[in-house]
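A short write-up of the structure that comes next.
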């Protein structure tokens, strides 16, 4: 009985053996996802279909964590620590700092096939497993594409990238923490290396050396580093490494390809627009590069997702800038930098809460690219903190804006901290009166425009209104007079005041008046003196402040806007960059009343749409200037001369014309035209003759092909026909001898048959 029970436990029924096997064979390829990028829901569904037993031999979906951080990470984070903290259940950890070429002096170079196979076996991964690589929650997408690309280089059949782990956590999919489980080691076969996905240093160097030369191999190079590192203005994170870029490369920071909030890849249509904006030629090979070959694969993955370019022409420079900057020599000129002399304009933008809460994604992108420098007043920070407690989309954007400002200013982001300037507590005027003195005079109001004006001023206005009515009933001026008035810019009361973004005005603002000359400051002052103030000497109403110089009033600025305007005016007139016109800040706001008040103080103003247009225009102009600078810096290749014109005679002769007709074609036949005479060319300085040995041919020349001169002839110096210039001189001399032998010959049929005849010594 015990034996029977043991037999039943060891030998299950055929149904139990066949059913799982059939199920697994039916699911041998059920996990193939629809695209290279996998959503959290798709991964969760696939993981639920994994076999429950560890001894199953059917294909599985294996989550592979590829968390990695920069060596200068301000928090000192390590990928393995983040993996232990929280991860997808049953995930394995791929260490980029270990699975690499340990003998290479450059970081993260691809490992050997044997090293890769050994690492995959240690992780318990089989060849037929479907791998989904993911990053840490903190970065969203960063190093996972590099590991996915490495698996593809070594030919792993099915590889995907999770888009992304941050969404996995936010959407509530399961995670685990603590020490990970130790998978059973597998025997992963040694793979082959797919060299078509990688471009080596030597090949790229030859391409860079021939950049912009005629007949050179043209490629497109995209650099995933920040713009400052690409341009050579920001330092590299690795000490002692020069910043700059490969000749012919374009800056495309990988952050532009990711959603600023979730750090997932942008939709394929938006990715395609980004690549199209770079004017890339899809028929050329597209090479992705970065600092060490990690974030370059973010570009490569985005190209594949957008289906941009030929798949078999997309490659990654494995060593990237770290290898390039260390291997090229300074005298080779293969490290390019974009200095400010190239003419790139950086917009220094002071922002309020309306700009940050409606366009935080664009502002982050522009700040990352170095297109703008953010100046954040304390007014803006207070408004953001007040808005982030709400529950609307504005509150979500406000919280994201606060997090972004905090990360950058504390050094936790890849963006240089100096690109965001926070207002200090003392960087504003102590009193509003100090800031109010910068109110532009053309926007001041006359005293009688204020509400509650004295009775005398009201009576004066009534008299003016009556006079205006009388003028309306009088005959209108003729057309010529009206045209002259318009040309002199005398505005009517119906004329609107137009304000430009830099605070200037096209017409002064004035109260409605029957006398258009009131717009002139001189006339305004005389009007005030003539009318005077109220005879009863009543105090000025509270609507404005009387200026002592002109006697006009300044409108009352809303109390809420005074801190913002005070900080901006202090920076414009007393700040560290007050004397530097290139660093003059402009206010970015979507609030129209704020724009109007800022313009009245001479503060440049733009809304987001205007800023976007300015940045796009400047980017196009900057690209054109960069191309021009590159063309002027690279010397034009000298044309390869076929034959040189040397030792010309007094007469124009045709020596050799590669294309078309030359000047000698007109003069062929020289002196054979009898009575016609030519004006001799001015004599040219001739070098003293050099005596040389006379060369006598060692072999006879075919007499049927050459005519010999029977008379005594002047022996010409020996010409070395083995050189290019010697060959040219030899042909020139032969042509001259031939011309001399023809002088005075009779004109007849023999004229055309003699062409090509002459003395040509062939070595």
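The values are calculated or read from the model by the stated rules, or taken from the named source; none is laboratory data. Source: prediction; values computed, not measured. Here the Cβ positions follow ideal geometry from the backbone for every residue, glycine too, while neighbour counts run over all protein chains shown.
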All-but-one check, residue 203 against (1) assigned by TED's automatic domain parsing to the domain that holds residue 263; (2) touching a strand residue (DSSP E or B) at 6+ places or on another chain (Cβ under 7 Å), failing number (2)
Search the range 304-332 for residues that are in the same structural domain as residue 102 (by TED's automatic domain parsing) and within 21 Å of residue 195 (Cα to Cα) and pair each with any residue that is surrounded by fewer than 18 Cβ atoms within 10 Å (Cβ to Cβ) and at pLDDT 95 or above when their beta-carbon atoms are under 8 Å apart and the residues are at least 6 apart or on different chains.
none
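Would you point out which residue out of 447, 451 is modelled with pLDDT under 80 and touching a strand residue (DSSP E or B) at 6+ places or on another chain (Cβ under 8 Å)?
Checking each option against the conditions leaves just 447.
Might you let me know whether the range 335-346 holds any residue that is over 30 Å from residue 614 (Cβ atoms) and touching a helix residue (DSSP H, G or I) at 6+ places or on another chain (Cβ under 9 Å)?
Among the residues of the range 335-346, at least one is over 30 Å from residue 614 (Cβ atoms) and touching a helix residue (DSSP H, G or I) at 6+ places or on another chain (Cβ under 9 Å), which makes the answer yes.
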List the helices (runs of 4 or more DSSP H) that sit entirely inside the range 557-634 and contain at least 3 residues that are modelled with pLDDT under 90 and exposed (fewer than 14 other Cβ atoms within 10 Å of the Cβ).
608-633
Residue satisfying all of: in the range 414-430; in contact with a strand residue (DSSP E or B) (Cβ under 9 Å, 6 or more places away or on another chain) and assigned to a helix (DSSP H, G or I); nearest to residue 348 (Cα to Cα) among these:
419
Residue hits (the range 152-174; surrounded by 24 or more Cβ atoms within 10 Å (Cβ to Cβ) and farther than 12 Å from residue 88 by Cβ) are 160, 161, 163
When every residue in the range 186-203 that is touching a helix residue (DSSP H, G or I) at 6+ places or on another chain (Cβ under 8 Å) and part of a helix (DSSP H, G or I) is compared, the one surrounded by the fewest Cβ atoms within 10 Å (Cβ to Cβ) is 196
Check off (1) touching a strand residue (DSSP E or B) at 6+ places or on another chain (Cβ under 6 Å); (2) assigned by TED's automatic domain parsing to the domain that holds residue 316 for residue 165 and give me the number that stays unchecked.
(2)
Would you mind stating whether residue 417 is modelled with pLDDT of 85 or more, under 27 Å from residue 72 (Cα atoms) and not assigned by TED's automatic domain parsing to the domain that holds residue 274?
no
Matching residues, the range 598-620, being under 12 Å from the mean Cα position of the chain (by Cα) and without any contact (Cβ under 8 Å) to a residue 60 or more places away in the chain:
616, 620
Checked against (1) more than 25 Å from residue 139 (Cα to Cα); (2) touching a strand residue (DSSP E or B) at 6+ places or on another chain (Cβ under 8 Å); (3) at pLDDT 90 or above, residue 354 satisfies every condition except (2)
If I filter the range 403-413 for residues that are assigned to a helix (DSSP H, G or I) and under 17 Å from residue 564 (Cβ atoms), do I get at least one hit?
yes
Mind checking whether some residue in the range 165-185 is in a strand (DSSP E or B), modelled with pLDDT of 90 or more and more than 30 Å from residue 333 (Cβ to Cβ)?
yes
Taking the range 380-394 as the search range and keeping residues that are part of a helix (DSSP H, G or I) and in contact (Cβ under 8 Å) with a residue 12 or more places away in the chain, which one is farthest from residue 424 (Cα to Cα)?
394
Could you please let me know if residue 177 is in contact with a strand residue (DSSP E or B) (Cβ under 9 Å, 6 or more places away or on another chain) and surrounded by fewer than 16 Cβ atoms within 10 Å (Cβ to Cβ)?
yes
Go through the range 121-155 and give me each residue that's in contact with a strand residue (DSSP E or B) (Cβ under 9 Å, 6 or more places away or on another chain) and free of Cβ contacts under 8 Å to residues at least 40 places away in the same chain.
151
